[in-house]
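Structure record follows, encoded as structure tokens.
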Amino acid sequence: MPDFIWLALAGALLITLMSAPVGAFMLWRRMAFVGDALAHTTLLGLGIGLWLQIPIQLSLLLVSVIVAVSITRIHQRNNLSTDTFIAIAAHSSLALGMLVVTLLPEARIDLMGYLFGDLLNLTMQDIWGLLIASLLTLSILYRYWQGLILTCLNAELARLAGHDTQKLNLILALLIALIIALSTKLVGALLITALLITPAAIARRWSQTPIGMIQGAIVISWLAIAIGISLSWHFDLPVSPAIVAVLFAGFIASRALTNQNKL
């Protein structure tokens, strides 16, 4: 098997170690739309990075963090519907990003690359970056695990137990922003959003505990990526759409099987 396939599989495992647990919390907190909105901001981050001539991943991270913090603050103040603000932020970021990119005609930009990524072109430098990011993400989740779980169950109960729920909400939003910003250039906005939501949604149908759901989401994510890469290799298909298609098929199958079990 070529070396780039092994690098892609290793990178996929590291990405799923971040996306699966955070994606589970997104479902528990009903924050799926937040991930989609932050993925929309990547084009704005791309445009700003090119305009200011700073590293693209840094600009992606800055824009994602600003939007994530704004969403959290709006939710806490309740002076505007969170869903309304998310929708406005998502589509405005996409439009502004396109305008900024259009005003930079001298820049050569592969927009399809940022939408769909290029998982088969990962380098060892990318792998090390993903390893550091995954260890950081898992460390933060471990540190705040009890508070995050209690907040998902009942925010008032979490506050009574001494947890700062506003801080926990901000931490979760920042983790989502971090994963999207660091992974978009490597796997694309389409794939990272699917990896955050779909595997956790599939695993939830079969899991009895939070840990079991996260473990199931990790396995499902990695298997979907492995199958998607195999399909891409044998049938000359684009990698990210193939992986998303596999995840979608898995979601439909899980729904059908669990519904049959209830009959």
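Just so it is clear, none of the values below were taken in a lab; they were calculated from the coordinates. This structure is a prediction, so every number in the text was calculated from the model and none was measured. Note that each Cβ is placed from the backbone with ideal geometry, even for glycine, and that neighbours are counted across all protein chains shown.
A few comments on the model shown:
- The lone exception for Ile197 - which of (1) in contact (Cβ under 8 Å) with a residue 40 or more places away in the chain; (2) within 21 Å of Trp28 (Cβ to Cβ); (3) over 10 Å from the mean Cα position of the chain (by Cα) it fails: (3)
- Qualifying residues in region 219-237 (those that are crowded, with 17+ Cβ neighbours inside 10 Å and of a type outside the set (A, V, I, L, M)) - the one nearest to Leu9 (Cα to Cα): Trp222
- Selection within region 136-158: residues that are of a type in the set (A, V, I, L, M, F, W, C) and crowded, with 19+ Cβ neighbours inside 10 Å. The member of this set that is farthest from Thr209 (Cα to Cα) is Ala158.
- Scanning region 203-228 for residues being touching a Lys or Arg at 6+ places or on another chain (Cβ under 9 Å) and closer than 27 Å to Asp126 by Cβ gives a total of 2.
- Scope region 203-218; condition part of a helix (DSSP H, G or I) and surrounded by 14 or more Cβ atoms within 10 Å (Cβ to Cβ); matching residues: Ala203, Arg204, Pro210, Met213, Ile214, Gln215, Gly216, Ala217, Ile218
- Within region 29-49, being surrounded by 18 or more Cβ atoms within 10 Å (Cβ to Cβ), farther than 14 Å from Lys185 by Cα and more than 13 Å from the chain's Cα centre (by Cα) holds for one residue alone: Ile48.
- Count of region 34-61 residues, restricted to those that are under 14 Å from Ala177 (Cβ atoms), in contact (Cβ under 8 Å) with a residue 40 or more places away in the chain and not hydroxyl-bearing (Ser, Thr, Tyr), is 12.
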